[in-house]
Amino acid sequence: MRTPRAIVTLAAAAVLGAAGGAAVVGVTGDGGSTRTVLEPAQTQPQQVSVADSSGGLSAKQVYDLAKDSVVFISAHVTEQGQSGEATGSGFVVSRDGYIVTNAHVVGGASTVSVKIGDRKTQQAEVVGTDESTDIALLKVDGAGDLKPLQLGDSSKLEVGDATFAIGNPFGLDRTLTTGVVSALDRHITAPNGFSIDGVVQTDAPINPGNSGGPLLDAQGKVIGVNSQILTGSSTSEGNVGIGFAAPSNTVRNVVEQLREHGSVKHAYLGVQMGATESGSGALVGAVTPGGPAADAGLRAGDVIVAFDGHAVGSPDALSSLVNAKQVGDSVELTVRRGGAEQKLTVTLGEQPASTATAGAQPQQQGDPQMPADPFGQADPHGQQSDPYGQGGGQQADPGQGQGGQQQIDPRDLLEQLIP
């Protein structure tokens, strides 16, 4: 099975010489504050001399706009008694020195150094990391007036839109590659085993060392943070035209919380969900014992048709509705059980630190189109593992369901959530 890989570059520390090397850093892949911390980018040129066919900036213009905001990141790591250096990418999001990158680039690092554009290298502080989205926020002091990149609106992306990736593949700083949005709403696995939803797929060449760098649109705005690639084999690390970027709208919420609090709290329902045969609503495949959904009386086999007054058209729609809420919010669920609808009130909890602490096994590293089976059994159709960060627990009875409703095995009910 092809394996998505984190795209940091690892180098052995000089003291190890040729014999030693750092082990590969862990593979990767909201409530929000009201305070806006991301500053607008510098004004774009009014006269566009060479534009692409869609009327956007040319590749050269996008590069000129963004190159001085792209960051080369070096993280000193120690694993199993050996020291090494992981290198990746990042980008400036404020004039006073805040930098976005991937959590897996700086995770476990004792020191982090950054080189912004063509400036000299300096030390950076890790303000906070969020392993559920694989996003980290760094801060440098005394860097002077920096040029931030502006975050775009990832919800407005369409397949075929132009994309531009700038980063440091294999240590080659500020490398530009180009492509298009290949697909939307993909799912990749975060470092803590939860799923990152709404991911942007691109064919812009992304390689080891691009992790944490910006994926830009034809206006020079960041539409995603490059996080993973799909390789041709378990031994290959190079690009095969399939890369994944965490969407900018998710990044915006996470960065605001990291700057304000140093951590991120994600709302948590406590269920595993799948698609229904009718294609409407979200089927409850399992309920986490002691979780918010269990406390509210939700049962395996229920179908959630509305959340806080909003119709639930699919499991992905429910995921977005939950993510838009805050920990501690009370919401009304409309569920279909035994042919009848009823109302339940649930108080959303805080997402656990990992799927292991949520009562479910972490999603295994694998092809994003063939996620791990949440019931521990391989399935050729590919089951989506816990797409809401809701772990484990009670499974739907494969025989007689609640309220006398006949059920089939939940492995058959849980349909592939990724096209």
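The values are calculated or read from the model by the stated rules, or taken from the named source; none is laboratory data. Everything numeric in this text was worked out from a predicted model, so none of it was measured. Here the Cβ is made from the backbone with ideal geometry for all residues, glycine too, and neighbour counts use every protein chain on show.
Observations
- Failed condition for THR133, given (1) touching a helix residue (DSSP H, G or I) at 6+ places or on another chain (Cβ under 6 Å); (2) in a strand (DSSP E or B); (3) under 20 Å from GLY167 (Cα atoms): (2)
- Count - residues of the range 137-158 that are more than 14 Å from GLY224 (Cβ to Cβ), hydrophobic (A, V, I, L, M, F, W, C) and surrounded by fewer than 24 Cβ atoms within 10 Å (Cβ to Cβ): 3
- Within the range 163-230, strands (runs of 3 or more DSSP E) holding 2 or more residues that are of a type in the set (Gly, Ala, Ser), out of contact with any His (no Cβ under 6 Å at 6 or more places or on another chain) and buried (at least 23 other Cβ atoms within 10 Å of the Cβ): 222-230
- Residues of the range 325-350 satisfying the condition of being loosely packed, with under 14 Cβ neighbours inside 10 Å, in a strand (DSSP E or B) and either of a type outside the set (D, E, K, R) or not assigned by TED's automatic domain parsing to the domain that holds SER280 (or both): SER330, ALA340, GLN342, THR345, THR347
- Taken as a whole, the structure leaves VAL322 outside the set of residues that are closer than 14 Å to TYR268 by Cβ, of a type in the set (A, V, I, L, M, F, W, C), in a loop (DSSP other than H, G, I, E, B) and at pLDDT below 95.
- Total residues in the range 100-157 satisfying the condition of being of a type in the set (S, T, N, Q) and more than 14 Å from VAL70 (Cα to Cα): the figure is 9.
- Residues that are assigned to a loop (DSSP other than H, G, I, E, B) and either under 27 Å from the mean Cα position of the chain (by Cα) or not acidic (Asp, Glu) (or both), drawn from the range 298-319: LEU298, ARG299, ALA300, GLY301, ASP308, GLY309, VAL312, GLY313, SER314
Conditions (1) at pLDDT below 95; (2) outside the structural domain of GLN342 (by TED's automatic domain parsing); (3) over 16 Å from THR334 (Cα atoms), marked per residue:
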{"residue": "GLY209", "(1), (2), (3)": "yes, yes, yes"}
{"residue": "VAL222", "(1), (2), (3)": "no, yes, yes"}
{"residue": "THR231", "(1), (2), (3)": "yes, yes, yes"}
{"residue": "ASN239", "(1), (2), (3)": "yes, yes, yes"}
{"residue": "MET273", "(1), (2), (3)": "yes, no, no"}
{"residue": "ASP295", "(1), (2), (3)": "no, no, no"}
{"residue": "ALA311", "(1), (2), (3)": "yes, no, no"}
{"residue": "PRO315", "(1), (2), (3)": "yes, no, no"}
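- Residues in the range 91-107 that are within 19 Å of the chain's Cα centre (by Cα) and either more than 20 Å from GLY152 (Cα to Cα) or at pLDDT below 95 (or both): 5 in all.
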